[in-house]
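Okay, structure first, notes after.
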Amino acid sequence: MMRSHHCGLVDDTLLEQKVTVCGWVNSRRDHGGVIFIDLRDGDGLVQVVVNPGNDEIFALAERTRNEHILKITGTVKPRMEGTVNDKLRSGKIEIITEEFTVLSASDTPPFQLDDNVGEDVRLKYRYVDLRRPEMQQRMRTRAKMTSIMRHYLEDNDFLEIETPMLTKATPEGARDYIVPSRTHPGNFFALPQSPQLFKQLLMMGGMDRYYQIVRCFRDEDLRADRQPEFTQVDVEMSFVETADVMNMMENMIRKLFKETLNVDFPEVLPQMDYSEAMRRFGSDKPDMRNPLELIDVADLMKDVEFKVFSAPANDPKCRVAALRLPEGGKLSRKDIDGYTKFVSRYGARGLAYIKVNALADGIEGLQSPILKFLPDDVVMNIMERVGAADGDIVFFGADKEKVVNDALGALREQLAKDLNLLVGDWAPLWIVNFPMFEWDEKNERYQALHHPFTAPTCTAEELVANPAEALSDAYDMVINGYEVGGGSIRINDPKMQSTTFDVLGISEEEANAKFGFLLDALKFGCPPLGGLAFGLDRLVMLITGTENIRDVIAFPKTQTAACPLTDAPADVPRAQLRELSIQVKLPE
């Protein structure tokens, strides 16, 4: 072995012993003819001392710079009194150098590890960025988490089975990444958005319990918690009902948080209907640490003359809601203008508000540009309904239901973040009883809220008769405002699957072209089945306390789906394109 010990693990139990360590130079200091080097590896730092007695070693140490990689052999000695560093395991000792080898010299790095540099630089030189202690710790935590989940699933009789990376395009809500086939000119594979159909086929093949820690691909617009290629902990089970899947996965997440953070989740995670989550929080992934809630006030606004409120109040497709911010009256006009601009990103055309100065003074104790448009009794009834108190501010949303939910739901989250309103550390829950479909206004057709293989809770006849009211047997796990996992009971009946396709406007010809292999398989018997997929990257992000998913992926893409490290995506030689029967025509 090149080294006898890791740098950060050398401690006072090794006093007077000879050790060999290897690592990167974290810092170098010359103190009166004695050179001190902090040598770093994945386990931490150790202080190396080079005395001037050996001219050759001392000369090497003098030429050593940050990020040089060294091999040091020496004797472990106690540090001098007053120089102990209690923050390090190695902080009580130092290594007196006897052999000094430069394994690899380094040019001046693009940034020092403790520099606060932009993400574009960090990603371009990711191999340097990965040396930072926080990145080392995140990668170690990620590996520990996958190990915990893998052992849990195997202890519960799940088989790890790989599914294809090159498959057929089966749209599941996002655009596919497509791969041209050289041997079948003009035809394309697709990279999987998830292994959904294959894991259902595995259940039909009698595999009973399957899991896979799998890469998935979606060509969609990115956010801080999304990537074009990401990792799922993918699970499927046969002969189960909803509670079986939820209990199994709940226990896994409980074990995960206990073993990584020593956090005890509740013995039974709370559950909330989708409809309640949207009504109270404007989101199907609410952060339950946030005390703010949306309150419906449409019934109080139906008869007012101010059309901004009365028109949506009388439209069943719209919503009028209020959001009370305790002690929010101290917000300045500039603050309110900033939040008005913020909600405009979600389609809101404005942000009405009322400041509560002195509730006992009635309408005279309130302050707002909209008061002149609303009857006094309506305003006071709203104040009573939302539980307003002196010093509060009440915000309003009045528009299409989706716009109000998106805008006020996002405002609720932003206010909690800006004003430090969150209470507690962890708030896990299940969101259940999702709608089966959502209406696509642009294309005037239904879309599956999850995916078209999710089982409804009604009969096929009821699904056709009233698709707008149909609920799905689906469940999402939400932690601190993030959907960390989603799943459902699947359709195992050919008639129900065909009916679902019919409601979605997928013709029999199109269904056979895209999903014929699934429909054929269902004819040969399919057990009751269900599963769930956790977003591993998002779970690691939560557990390591960062808000950017790129911080927990070794080599992530940017928000434009590019890789600064390798300059991908890149041009392909025309000869290679010709071999694939592809001609590129760039947009105007």
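The values are calculated or read from the model by the stated rules, or taken from the named source; none is laboratory data. Note that this is a predicted model, so its numbers are computed, not measured. Cβ placement follows ideal geometry from the backbone for every residue including glycine, while neighbour counts extend to all protein chains displayed.
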**Request:** Hey, can you tell me all the residues within the stretch 250-264 that are touching a residue at least 60 places away in the same chain (Cβ under 8 Å) and in a helix (DSSP H, G or I)?
**Result:** 250, 251, 252, 253, 255, 256, 257, 259, 260, 261
**Request:** Say whether the condition of being within 22 Å of residue 289 (Cβ to Cβ), touching a helix residue (DSSP H, G or I) at 6+ places or on another chain (Cβ under 7 Å) and not in a helix (DSSP H, G or I) is met by at least one residue in the stretch 373-392.
**Result:** yes
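Would you say residue 86 is surrounded by fewer than 16 Cβ atoms within 10 Å (Cβ to Cβ), over 31 Å from the mean Cα position of the chain (by Cα) and assigned to a loop (DSSP other than H, G, I, E, B)? Break it down stepwise before answering.
Numbers: surrounded by fewer than 16 Cβ atoms within 10 Å (Cβ to Cβ): yes; over 31 Å from the mean Cα position of the chain (by Cα): yes; assigned to a loop (DSSP other than H, G, I, E, B): yes.
Against the criterion (surrounded by fewer than 16 Cβ atoms within 10 Å (Cβ to Cβ), over 31 Å from the mean Cα position of the chain (by Cα) and assigned to a loop (DSSP other than H, G, I, E, B)), residue 86 qualifies.
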**Request:** Could you tell me which of the residues 192, 270, 180 is farther than 30 Å from residue 165 by Cβ and touching a strand residue (DSSP E or B) at 6+ places or on another chain (Cβ under 6 Å)?
**Result:** 270
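Which of the strands (runs of 3 or more DSSP E) found entirely inside the stretch 396-475 contain at least 2 residues meeting this: at pLDDT 95 or above? Break it down into steps so the answer makes sense when it comes.
On the way: elements: 428-432, 437-440, 445-448.
Passing ranges, in order: 428-432.
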**Which listed residue is at pLDDT 95 or above and on the phi > 0 side of the Ramachandran plot, from 129, 157** = 157
**Item:** Leading residue by the ranking (nearest to the chain's Cα centre (by Cα)) among those in the stretch 97-132 that are in contact (Cβ under 8 Å) with a residue 24 or more places away in the chain and within 17 Å of residue 46 (Cα to Cα)
**Value:** 131
**Request:** Name every residue in the stretch 510-528 that is of a type in the set (Lys, Arg) and either within 23 Å of residue 242 (Cα to Cα) or in a helix (DSSP H, G or I) (or both), in order of residue number.
**Result:** 514
**Fill in**
Considering the stretch 492-513, residues that are within 31 Å of the chain's Cα centre (by Cα) and either among the hydroxyl-bearing types (Ser, Thr, Tyr) or closer than 17 Å to residue 199 by Cα (or both), and then whichever is surrounded by the most Cβ atoms within 10 Å (Cβ to Cβ), we arrive at 500
**Candidates 385, 345, 319, filtered to the one that is touching a residue at least 60 places away in the same chain (Cβ under 8 Å) and closer than 21 Å to residue 417 by Cβ** = 345
**Asked** Among the residues of the stretch 536-564 satisfying the criterion of being in a loop (DSSP other than H, G, I, E, B) and among the polar types (S, T, N, Q), which is nearest to residue 125 (Cα to Cα)?
**Response** 558
**Unique match (being at pLDDT 95 or above, within 19 Å of residue 160 (Cα to Cα) and either outside the structural domain of residue 402 (by TED's automatic domain parsing) or polar (S, T, N, Q) (or both)) among 242, 231, 260** = 231
**From 580, 532, 504, residue being modelled with pLDDT under 95 and either in contact with a helix residue (DSSP H, G or I) (Cβ under 7 Å, 6 or more places away or on another chain) or not assigned by TED's automatic domain parsing to the domain that holds residue 223 (or both)** = 504
**Message:** Give all pairs with beta carbons closer than 9 Å in which a residue from the stretch 456-468 that is at positive phi meets a residue that is part of a helix (DSSP H, G or I); count only pairs at least 6 apart in sequence or on separate chains.
**Reply:** none
**Prompt:** Within the stretch 495-508, is there a residue that is part of a strand (DSSP E or B) and either under 17 Å from residue 433 (Cα atoms) or out of contact with any Cys (no Cβ under 9 Å at 6 or more places or on another chain) (or both)?
**Reply:** no
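Checking the condition surrounded by 17 or more Cβ atoms within 10 Å (Cβ to Cβ), of a type outside the set (S, T, N, Q) and on the phi > 0 side of the Ramachandran plot, which residue from 94, 67 passes?
None of the other options fit; the residue is 67.
Is it fair to say residue 46 is touching a Ser or Thr at 6+ places or on another chain (Cβ under 6 Å), closer than 29 Å to residue 140 by Cβ, buried (at least 16 other Cβ atoms within 10 Å of the Cβ) and in contact (Cβ under 8 Å) with a residue 24 or more places away in the chain?
So residue 46 fits the description; yes.
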**Fill in**
Residue hits (the stretch 330-342; under 15 Å from residue 394 (Cα atoms) and under 26 Å from the mean Cα position of the chain (by Cα)) are 339
**Fill in**
The lone condition residue 513 fails out of (1) out of contact with any helix residue (DSSP H, G or I) (no Cβ under 6 Å at 6 or more places or on another chain); (2) among the aliphatic types (A, V, I, L, M); (3) assigned by TED's automatic domain parsing to the domain that holds residue 266 is (3)
**Fill in**
Quick count over the stretch 162-216, residues being surrounded by 20 or more Cβ atoms within 10 Å (Cβ to Cβ) and free of Cβ contacts under 8 Å to residues at least 12 places away in the same chain, is 0
